[in-house]
Amino acid sequence: MTTTEFHPTLTAAEEALLPSDEDVRCYAEHGWYLSKKLLTDEEVDALTAAADRYYGGERDRRLPVRPPKLAYWEPANGPVQRHNDYVHHEHDGLAAILRKPLIGAVAARLAQADEIRIFQSTLIYKPPISGEPSNIVPWHFDKHYWASSSSEKMLTAFIPFHDCGEEMGTITMVDGSHRWQEIGADDTVVRHFADRDRDQLEEMLAENAAYNGAEIRKIPMVIPKGHVSFHHCRTYHGSGANVSGRPRQAVSLHLQDGDNAWREYPLSDGTLAAYNHDVLVRRTHEGRPDYADPEYCPVIWRDRAQQGG
């Protein structure tokens, strides 16, 4: 898909679902936004059915190489919380819904960007096992893992496949934390939260709140079916146990603005911060990983003024 071939449009009904100016202001202040109903019940049910087929082994294509930090649950891993990356690339049924222009248009309004591309998609299944350790997602923010990305506007759309409340261990935001000045971080923050000590992450959150003179206000996202929770790439978030008696299923759709690009981010050991894309995407003329590679990072929204011919 080339740049000039992509002409997303919204219906009048979809236009009415975009964030208002006040919503955009609140997102800038609080670091999160709960959308109106962006997906129909039929679209959400199609996501659920596609996820079932995906877990059953259905793939339309597979990654040509396995990136070093790939999250990829397989049945042999057992009844833990499942995370599977690149589902928008591997499965067309999931991609058909995740690439809906309305999702990109909402993200573009919030990020104040002309273009939105997918950065990553992670299919998540939190089993209804209240004592399962993997169900607890400790406090973190996504930009730590995206150190090789130049943009500070990146954001995530959390898309549950059902009504999602506190009893299911819904995603929970630390209100306004994206505006904090960060202290006490070292190179370990580029490691995924699953590889970090939870107590250390909790302590880091408390220290950063204290440094900024901020109260830690934890806001559980109560998300009706078809609605989507968006959060800024520097907003601390996590989630608790699923005590609902049924699985919590969702996709975390990580989104990048059109200006985002690979950047050199040195670590203290002399290596450079990396992302899984770096072994998959095409290279720019300068030989750098191209985070605009349409194979892995397709555009899902472009403002009309930027669409060209």
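So how much slack lies between Asp293 and Ser268, counting 0.36 nm per residue of separation and subtracting their Cα-Cα distance, in nm? Walk me through the intermediate numbers first.
Details: separation 25, 0.36 × 25 = 9.00 nm, distance 2.90 nm.
Gain in length upon complete extension: 6.1 nm.
Amide H of Leu272 versus every other amide H placed in the peptide plane: which residues, excluding those fewer than 5 positions away on the same chain, fall under 5 Å?
It is Leu267, by chain and number.
What does the extension gain come out to for Asp21 and Glu152, with contour length at 0.36 nm per residue minus their alpha carbon separation?
Gain in length upon complete extension: 45.1 nm.
When the Karplus curve 6.51 cos²θ - 1.76 cosθ + 1.60 is applied with θ = phi - 60°, which whole-Hz ³J(HN,Hα) does each residue of region 229-242 get, with x for Gly and Pro?
With the stated coefficients, region 229-242 comes to 9, 10, 9, 5, 5, 10, 7, 5, 8, x, 7, x, 5, 9 Hz.
With n ≥ 4 as the cut-off for DSSP H runs, can you work out [θ] at 222 nm for the chain, using -39500 (n - 2.57) per run divided by the number of residues, rounded to the nearest 500?
When only DSSP H runs of four or more count, the value is -6000 deg cm²/dmol.
Sequence-distant or interchain residues sharing an amide H contact under 5 Å with Gly238, placed H: which?
Here Thr172 satisfy the definition.
What label, among (i) -0.36, -0.45, -0.66, -1.42; (ii) -0.33, -0.43, -0.66, -1.56; (iii) -0.43, -0.54, -0.76, -1.40, belongs to log10 I(q)/I(0) by the Debye sum over Cα atoms at q = 0.08, 0.09, 0.11, 0.16 Å⁻¹ computed from the structure on display?
Calculated log10 I(q)/I(0) by the Debye sum over Cα atoms at q = 0.08, 0.09, 0.11, 0.16 Å⁻¹: the matching label is (ii).
Roughly what would the spin-label model give for Ile216 and Glu203, points 7 Å off Cα along C-beta, in nm?
Label-label distance for Ile216 and Glu203, simple model: 1.3 nm.
Coordinate-derived values only; no laboratory data. Predicted, not measured: the structure shown is a model, and the values here were computed from it. Don't worry about glycine lacking a Cβ; one is built from the backbone with ideal geometry, like all the others, and counts go over all protein chains shown.
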